[in-house]
Each structure stands twice: as structure tokens, then as C-alpha cells.
Amino acid sequence: MVLLLKCALGGSKHVEYIKLQFLTSGHSFLPNNSEFGDVECVLKRHTEMFSPEDYIQVMESCRKKRPIEVVSIEREDFVSTQKIEKEITNRKKVVKRKRSTN
């Protein structure tokens, strides 16, 4: 998994590092859990949300102290892993190896 991410994102100008967090049973609190909770509380009072911009506005305004920084991503920001997946799962590919002369 890590090698797949490294290979897929290795040439990206926007990715500085990849941080994986593995949750342990009973210790599954992540720093952004409180942010999700704050957003959920505000969303309960908003019955009409019609666009992604409506959600962004809620996320940016749900906290007075330590406001949530919302980073919008576009289609171009996503990286396809299709080529790498094909290489990994293509078992019909022939690999020529040199035979040792023992």
C-alpha cells in the first residue's frame, strides 16, 4: 500500500509527505474528530444544502475559535492509479531472467 502511494504520488508537485495513521482498538481518536462533530452540530440546523459551497460555508463558520481551514480540491488534483494497478495485477506479463551457470 505504501509503495503504491509513493509510486502514484512520487511525481506530484503538491505532495510533500504521506502520513499513515493506524488506529488501535480503544484508541481511535483522531485530531479532526472534534472538527467533524462541530460541523455535524451546525448541519443539523441547516435543512437545505444545495451545493458544495453551502457545505464549505458551514465548515468555515462553525467555529469562532480555531476556525476550520477548508481546502477545495478539483478534478485535476486527483491522481489515477490505474496504470500502477494494471502493472501489479497483470500476471500474464512475461519476465525474462538470466539463468545462472552453476
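The values are calculated or read from the model by the stated rules, or taken from the named source; none is laboratory data. Since this is a predicted model, take the numbers as computed values, not measurements. Reconstructed Cβ throughout: ideal geometry from the backbone, glycine too, with neighbour counts over all protein chains shown.
Using beta carbons and a limit of 8 Å, which pairs, at least six apart or on different chains, have the first residue in the stretch 47-73 and among the hydroxyl-bearing types (S, T, Y) and the second one assigned to a loop (DSSP other than H, G, I, E, B) and modelled with pLDDT under 90?
Pairs found: Y55/M49; S61/P67.
Please tell me if E76 is more than 26 Å from S12 (Cα to Cα) and charged (D, E, K, R). Full working, then the answer.
Values: more than 26 Å from S12 (Cα to Cα): no; charged (D, E, K, R): yes.
Criteria not met by E76.
Would you confirm, using the coordinates I've provided, whether V15 is surrounded by 12 or more Cβ atoms within 10 Å (Cβ to Cβ) and either of a type in the set (S, T, Y) or part of a loop (DSSP other than H, G, I, E, B) (or both)? Spell out the reasoning first.
Working: surrounded by 12 or more Cβ atoms within 10 Å (Cβ to Cβ): yes; either of a type in the set (S, T, Y) or part of a loop (DSSP other than H, G, I, E, B) (or both): yes.
It is true that V15 is surrounded by 12 or more Cβ atoms within 10 Å (Cβ to Cβ) and either of a type in the set (S, T, Y) or part of a loop (DSSP other than H, G, I, E, B) (or both).
Which residue out of E48, E40 is of a type outside the set (K, R) and either in a helix (DSSP H, G or I) or under 21 Å from the mean Cα position of the chain (by Cα) (or both)?
Numbers: E48 fails: either in a helix (DSSP H, G or I) or under 21 Å from the mean Cα position of the chain (by Cα) (or both).
It is E40.
Which of the residues that make up the stretch 18-50 are loosely packed, with under 11 Cβ neighbours inside 10 Å and among the polar types (S, T, N, Q)?
Within the stretch 18-50, Q21, T24, S25, S28, N32, N33, T47 qualify.
Among the residues of the stretch 66-82, what is the count of those that are surrounded by 10 or more Cβ atoms within 10 Å (Cβ to Cβ) and out of contact with any helix residue (DSSP H, G or I) (no Cβ under 9 Å at 6 or more places or on another chain)?
In the first step, residues of the stretch 66-82 are kept if they are surrounded by 10 or more Cβ atoms within 10 Å (Cβ to Cβ); the result is 67-68, 70, 77, 79, 81.
Those left that are additionally out of contact with any helix residue (DSSP H, G or I) (no Cβ under 9 Å at 6 or more places or on another chain): 77.
Going through the stretch 66-82 one residue at a time, the tally reaches 1.
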